[in-house]
């Protein structure tokens, strides 16, 4: 194939509008008659709403309405739901408490919306929101998961006794216990996976329009999955029936999971537009609101034990995890610490027995849901810190211990649901060790020590599950939706092509990579191909983009539709050229009869399809095909990351001296874009490892609620990354794709922490490894040395 | 109300605005120049960087009234007429952007960096000079590459102009 097909480093088609300031994000859209919404939010972590006094606020200039939760529920707007049912180990369904888009009786976290003010200008609405007087009875709240389960803790939802949402398990506990009985060695770790704020650079926004004549709504919003948003807004929240609601997710400035969910603000803006009798309402989060309302990520506390036989083969793994889900159950919150987490606890290893128990609890904090990696970073952090800790305790090289236990035969059924279909874990480990010059680390360490610095190296061999997911399989596990994807390929009479996809691009470059599939198939230049996404009026349906699914699932749907287009085009060409269908070849924009000089231009065949003058007997005119693709299995990207750090023992400042990534993503459509995805994932993973921490105080105030308080990596905090790939094709989808969007964030935190603990010479280090934490760990190490 | 008069992307504009109107609001809402973005409330992220009298300024931190009498250039006016500035081109050629939201501010900061420090920028300088711009997508790797490449091309242009 030519320069724009599969595997080519094609520059991005979408870039021109972004580099010239012509991107069109939600807040860039303005319409006639637009009003502004400002939310009145709880300043308390937990309180009873006694009274909301809007009298003064309503008198202020430009205010057309102030609405509260009682009016919202009174109008039949449904509660926000979690769409994935998880059952406790005793068989009982999860204990989901009610979540109204505007609080009715209680507020349960700082930032919980109490009322909405609609004004003619933003400044007027802001001023009136300040004047809304909410009388609260402040209650004692609870912030950490451990405290929420303690006896005497405040009870947040009547449905959830002791704040426990579910107490779930996976694996065979008796068999795992038995394996521990006969083990030669047992290694234990206690770890905490720090709470993170996803922080896409574009804050969430909604522009809700209401057409009273048609009783029709249009919502522009910052969504990773506009069709799911429409479905949920319609079927569950009763905002409007689907045929009366158009959802458009235009250019979206990053998502990372935070823009999957349907939040109170979108619901309220739609409802309030009709209620207030205005044509449109716009709401755009400021960054403080984003910190207080975007779903957070991670926040696990775990205890793990791993058992080894005398040959250092793993014989069992037992895990107990406590996951903090915040004040309410967000859309996919229940699946993250269960089916997206514990099913990956086998890592890259042959582990015959695994048992995990996961308890999830309510606290007075922002709801927690999927953030880049979603469960898999938590699993990888646990397994890979365990492997390095075990290697140290067993006195063998960390790479050697991993190799001793690698899965090498596929398919491989783990004891925790997943069946790995393909992989070569030695290959990525070899590649990463070579690229990092692992063998000569000792020399570099000695050099650092001469300068009075500490140096460490750490690795992480991750595996994750993408391409979510076979609909029947996830349905059987409690998912409320199917996780297929759809595509439609429309060939125009002049031979140009439009691909309508249910995937959504918010930085991933679909307009380029999806076009590469068409280019590859028919030999068309990419300027003749248009990718259409993000509008429920244009694309029939789609499940959207998250879980690194747009390659493995979204592109597979396009491939299926392309198969149908190709088959029909060949039939038409065979008829026009009076040849056998099997002899027709489509290449470089030409349709020819193999082994002859008989040929037509691609555009001639397309035009023929639309004139209908000379079609095979009984064939419908036109050249447009659609497909739904439902995956047969998850896909399993895997790889090895190696991090090398230097630590200043006097300040605790850690500098990343090199970071090497060797990933196996299966087939790669555009290496440039894949590398970019890895870079970005690594930055977020290193951010988690070194600095990011959504810290609450004891009263439930989010202390890290601005860019001055929540530290995210800046350019000077990161090195240049050395990334490379190895390839085993995924047997489960037509292209052999595995997915690359989350790997960097999944695999990197344990590599960083393993490197730092290597430098420290002990394992006592909490994530994030801020200078303060590292300095304290250096001191603790020194004291330990002195005591010995 | 404040009366402001300024040149925006080569055109003179005048308006009466509320005193508290920020330059970024004036550009986005008053002039429909939506390429300048707002990513935070605390002057940390740099998505709103524009040039005021040739210098990079976070337009969320300046009142429109303070910019009165100035020449303002936004991302839309950096090259103009469908052409691309070498720094814009470099971001595209080096995959220096993903979601595109921080990109206008990154490019405006990068051009300012070259204007101040010259076209020979090493990696450490670029990284440290990007202190006021946050990107959540790229891990900065390709942004640093883009700026180095864009600076080099700008340098050739400067040399040519000098000759």
How shielded is B:86-95 by partner chains, expressed as the average number of their Cβ atoms within 10 Å of its Cβ atoms? 4
The FRET efficiency for residue A:162 and residue A:632, from their Cβ-Cβ distance with R0 = 51 Å and rounded to 0.05, is 0.80
From the Cα centre of region A:610-628 to that of region A:715-782, the distance in Å is 52
For region A:1-68, place one equal point scatterer on every Cα, skip the solvent, and apply the Debye formula. What is log10 of I(q)/I(0) at q = 0.16, 0.23, 0.29 Å⁻¹? -0.82, -1.10, -1.29
Below 8 Å between Cα atoms, with a sequence gap of 6+, how large is the relative contact order for region A:409-534 in percent? 13
Pairwise label distance in nanometres, residue A:653 with residue A:449, each label 7 Å out on the Cα-Cβ vector: 2.4
Can you pull the three principal axis extents for the Cα set of region A:131-186, in Å, largest first? 67, 23, 22
Mind sorting A:4, A:320, A:692, A:578 by how few other Cβ atoms lie within 10 Å of their own Cβ, fewest first? A:578, A:320, A:4, A:692
With no solvent term and unit scatterers on the alpha-carbon positions of region B:120-163, Debye gives log₁₀ I(q)/I(0) at q = 0.31 Å⁻¹ of -1.09
Separation of the residue B:16 and residue A:17 label points, Cα + 7 Å toward Cβ, nm: 3.7
Can you tell me the length gained on complete extension of the stretch residue A:708 to residue A:186, counting 0.36 nm per residue apart and subtracting the Cα distance? 183.6 nm
Once R0 is set to 35 Å, what does the formula 1/(1 + (r/R0)^6) return for the Cβ-Cβ distance between residue A:581 and residue A:472, expressed as a FRET efficiency to the nearest 0.05? 0.55
Where the Cα atoms of chain A are projected onto their three principal axes, how long is each span, largest first, in whole Å? 92, 75, 52
Quick one: Cα convex hull volume of region A:105-246, Å³ per residue? 237
In terms of the ratio Rg/(2.2 N^0.38 Å) built on C-alpha atoms, what value belongs to chain B? 1.02
Past the 22 angstrom mark, what percentage of all C-alpha to C-alpha distances in region A:709-788 do you count? 48
On a C-alpha basis, how far is the centre of region A:430-464 from the centre of region A:330-396 in Å? Whole number, if you could? 26
Expected sort for A:640, B:40 with the fewest Cβ neighbours (10 Å cutoff) up front is B:40, A:640
Determine the principal axes of the Cα atoms in region A:484-629, then give the extent along each, sorted from largest to smallest and rounded to whole angstroms. 47, 28, 23
Backbone N under 14 Å from the residue A:698 label point (7 Å along Cα→Cβ), restricted to region A:138-165: A:140-144, A:147
With an 8 Å cut-off on Cα pairs and a minimum separation of 6 or more residues, tell me the relative contact order of chain A in percent. 16
At a 10 Å Cβ-Cβ cut-off, how would you order A:418, A:387, fewest neighbours first? A:418, A:387
Please work out the Cα center distance from region A:175-210 to region A:76-98, rounded to the nearest Å. 20
Take every residue in peptide A:193-203, count the Cβ atoms of other chains within 10 Å of its Cβ, and give the average of those counts. 4
Value of [θ]222 nm, deg cm²/dmol, for chain A, DSSP H segments ≥ 4, -39500 (n - 2.57) each, nearest 500: -8500 deg cm²/dmol
Can you bin every Cα-Cα distance in region B:2-77 into 10 Å intervals starting at zero and give me the percent of pairs per bin, rounded to whole numbers? 22, 61, 17
Label-point separation in nm, residue A:596 to residue B:53, each point 7 Å along Cα→Cβ: 7.7
Relative contact order, percent, region B:64-163 [alpha-carbon distance under 8 Å, six or more residues apart]: 39
Grab the beta carbon distance between residue B:158 and residue A:611, set R0 = 56 Å, and tell me the FRET efficiency rounded to 0.05. 0.50
Cα-based Rg of region B:86-162 per 2.2 N^0.38 Å, rounded to two decimals? 1.00
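FYI, it's all coordinate maths here, none of it is from the lab. Quantities reported herein were computed from a predicted structural model and do not represent experimental measurements. Neighbour counts run over all protein chains shown; Cβ positions are idealised from the backbone, glycine included.
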